[in-house]
1. Express in nm, to one decimal, how much length is gained between Ala93 and Leu18 on full extension, taking 0.36 nm for each residue of separation and deducting their alpha carbon distance.
2. Multiply the residue separation of Ile68 and Arg102 by 0.36 nm, subtract the distance between their alpha-carbon atoms, and state the gained length in nm to one decimal.
Amino acid sequence: MSGLLLIAVSVVLVVVVLRASLGRGAQRRTLGFHVPGIHRDAAVWIAAHRAARWVTAPCCAIAAILGIVALAGAEVIASAGWVVWGAGLLGGAAIALTVSLRRRI
């Protein structure tokens, strides 16, 4: 079950980051949440997500592959997949925040 959930959240995260890097969500709420800073500068929003996708997408791809392996019965592999997924999420967020702060100065 953990492997299937890992695959699902990996796909969702990649889709959200790729859509944001294309400018989707830059003019409105993203996933129903009001994200501060979007309405002030959509170009920064897009640039930040374009930078973040270089970390997030590979980590989510690796996590999804580990999720598929975990479906075959290796639940320990799913734990490693969650660590990789979390690293992609936090790494992408850190890069997006760094780009956002640099472009606003």
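Just so you know, all these numbers are worked out from the coordinates, no wet-lab data involved. Everything numeric in this text was worked out from a predicted model, so none of it was measured.
1. On the way: separation 75, 0.36 × 75 = 27.00 nm, distance 1.35 nm.
Computed gain between Ala93 and Leu18 is 25.7 nm.
2. Working it through step by step, the gained length comes to 8.4 nm.
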